[in-house]
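Everything on this sheet refers to the single structure shown next.
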Amino acid sequence: MRFATRVVHSGHETTGPYGGIVPPVHLATTYDRFAQDPPRYFYSRGENPTVEALETCLAAVEGARHCTAYSSGQAAATTALSLLTPGQRLVCCDDVYGGTHALITGLRRYGILVEQVDLSDLDRARAALAGDVAMVWVETPTNPLLKVIDIAEVSRLAHERGALVVVDNTFAGPALQRPLRWGADVSLHSTTKFVAGHSDVLGGALICDDPALHHAFTQHRTVAGTIPSGLDCFLVHRGVKTLSVRVERQVRTAQTLVDLLLEAPGVTHVRYPGLPEHPGHDIAARQLAAPGSIIAFRYSGVVEKLLAGTTLFACAVSLGGVRSLIECPALMTHRPIPAADRAAAGITDDLIRLSVGIEDAEDLVEDLTTALASGR
Ligand SMILES: *Cc1c(COP(=O)(O)O)cnc(C)c1O
């Protein structure tokens, strides 16, 4: 089965006794032992058929053996990081999701050594991975600067050291990037974003091929209580069915908006992995099926007026949904980072991030054109 078929059909093996063509929502928290032969379900903090249907789907979608679903992307990240023990070293890319940054900072309390490195620079990656390392954390493309990290090369270097490679695949989503194919051990998703795609449910997932890793992830979820509800899994599973058509449209419209931004007065710089001048363009061309639907650009006008000037693009954090969003990382998603560190990383006050939805492209062009003019 090809991708667009897998997203629609996977995880539909257990549809119940009535021939319903979608899996039912199981909300029971506990299961009668004598009603099952052999007993398989015990308590819903550990196992639930609706959660399993989603997991079967997401593993198939990413061409992997196993998936464990979580109540959020952060719950998935917490679980992956729980594999680290005191004295071990974690190497993480520098331009990392704010929630991940907070989690890895917290690891220092447990005697875990944490080092952040620009892994899009392979010389720096090589230097950082020359010593002892237990886990390498890669996010690509990065947020908000869309740096591209070579998963295959970083995985090769990490595996020489016996380190585990976790790729946060949220920004690309499974339609555009499959980290396991490039040698990573774990692909992490905030399914809140592209996978569910409608900005109405939180969720996370850890996808891997190794049964021992999968077992550790599932065990941790049971004791930490980070399993998602059956209703939430139903929503994520419902959302993922349209992933390939959504992403196709989003990417096409993003390319139209990139063309607009390149010519627009007041726009001083456009960052998009599909542009030949993007520093990660060649790796992106190989690693991603398409350059995605997140665009960053610098604006010389009044940022607040631009943000308030759109009607279709909602000024909000998050990404990957059917509705287009606009945000200023320095004012919103990346505000907790000290201003000097932000500026040094290139997250300046004039940087704007778009998440392109599935609205009519011409309407989005008009909306953005008006807003860009209103801030000048
Ligand atoms: C949103 C996001 C997360 C966290 O996911 P939640 O579902 O919000 O907990 C992690 N990584 C990236 C790249 C994200 O965009």
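Helix 211-224 against the longest principal axis of the chain: what's the angle in degrees, Cα atoms only, rounded to the nearest 10?
90
Mind jotting down the distance between the C-alpha centroids of the range 67-142 and the range 199-277, whole Å?
If you average the Cα positions of each part, the centres end up 19 Å apart.
Fewest Cβ neighbours within 10 Å first, please rank TYR110, TYR70, TYR31, TYR272 accordingly.
Taking fewest neighbouring Cβ atoms as first place, the list is TYR110, TYR31, TYR272, TYR70.
About the Cα centre, and with charges only on the beta carbon of Lys, Arg (+1) and Asp, Glu (-1), how big is the dipole of the chain? Nearest 20 debye, please.
540
Once you place label points 7 Å from the Cα toward the Cβ at GLU362 and ARG376, how far apart are they in nm?
According to this spin-label approximation, the distance is 2.3 nm.
Across the range 301-317, in residue order, what do the Karplus-derived ³J(HN,Hα) couplings come to in whole Hz, using 6.51 cos²θ - 1.76 cosθ + 1.60 with θ = phi - 60° and x for Gly and Pro?
With the stated coefficients, the range 301-317 comes to x, 7, 4, 4, 5, 4, 4, 7, x, 8, 10, 7, 6, 6, 7, 7, 6 Hz.
All other residues with a Cβ under 13 Å from the Cβ of ARG238 taken together, and with Lys, Arg as +1 and Asp, Glu as -1, what is their net charge?
For residues surrounding ARG238, the net value is 0.
Can you compute the helix-only [θ] at 222 nm over the chain? Use -39500 (n - 2.57) per DSSP H run of at least 4 residues, normalise by all residues, nearest 500 deg cm²/dmol.
-11000 deg cm²/dmol
Scan around ASP118 for amide H atoms under 5 Å from its own, H built in the peptide plane at 1.01 Å from N, and keep only partners 5 or more places away or cross-chain.
Here ASP94 satisfy the definition.
Between PHE34 and LYS305, what length in nm is gained on full extension when 0.36 nm per residue of separation is reduced by their alpha carbon distance?
Between PHE34 and LYS305, full extension yields an extra 91.2 nm.
For the chain, build the charge dipole from Cβ charges (+1 Lys, Arg; -1 Asp, Glu) around the Cα centre, then report which of SER72, GLY173, ALA254 sits farthest towards its positive end.
Positive-most Cα among the choices belongs to SER72.
Which log10 I(q)/I(0) values does the range 243-376 give at q = 0.09 Å⁻¹ under the Debye formula, counting every alpha carbon as one identical point scatterer?
At q = 0.09 Å⁻¹ the computed log10 ratios are -0.24.
Can you list, bin by bin at 5 Å, the percent of alpha carbon pairs in the range 90-137, starting at 0?
Calculated P(r), rounded to whole percents: 5, 22, 33, 22, 15, 3.
The range 59-133: percent of C-alpha pairs farther apart than 18 Å?
In whole percent, the share of Cα-Cα pairs in the range 59-133 beyond 18 Å is 51.
Once both axes come from the Cα atoms, what is the angle between helix 151-160 and the longest principal axis of the chain, in degrees from 0 to 90, rounded to 10?
That helix lies at roughly 60 degrees to the long axis.
Based on the Cβ-Cβ distance of GLU153 and TYR43, what FRET efficiency does E = 1/(1 + (r/R0)^6) give at R0 = 51 Å, to the nearest 0.05?
0.75
Helix 243-263: angle to the longest alpha-carbon principal axis of the chain, degrees 0 to 90, nearest 10?
10
Taking amide H atoms as placed 1.01 Å from N in the peptide plane, list the residues 5 or more away in sequence, or in a different chain, whose amide H sits under 5 Å from that of LEU164.
MET135, VAL136
What is the Cα convex hull volume of the range 3-240 when expressed per residue in Å³? Spell out each step's value before the answer.
Numbers: hull volume 28.3 nm³, N = 238.
Considering the Cα atoms of the range 3-240, their hull volume per residue is 119 Å³.
For the range 3-240, calculate the relative contact order in percent as a whole number, restricting contacts to Cα pairs under 8 Å that are 6 or more residues apart.
Values: 468 pairs, mean separation 57.4, N = 238.
Computed value for the range 3-240: 24 percent relative contact order.
Note down the nm distance, to one decimal, between modelled labels 7 Å out along Cα→Cβ at HIS12 and at ARG65.
2.7
Each value in this text was obtained by applying a stated rule to the coordinates, not by laboratory testing. Nothing here was measured: the structure is a model prediction, and the numbers come from that model. When we count neighbours, we look across all protein chains shown, and the Cβ atoms used for this are built from the backbone with ideal geometry, even at glycine.
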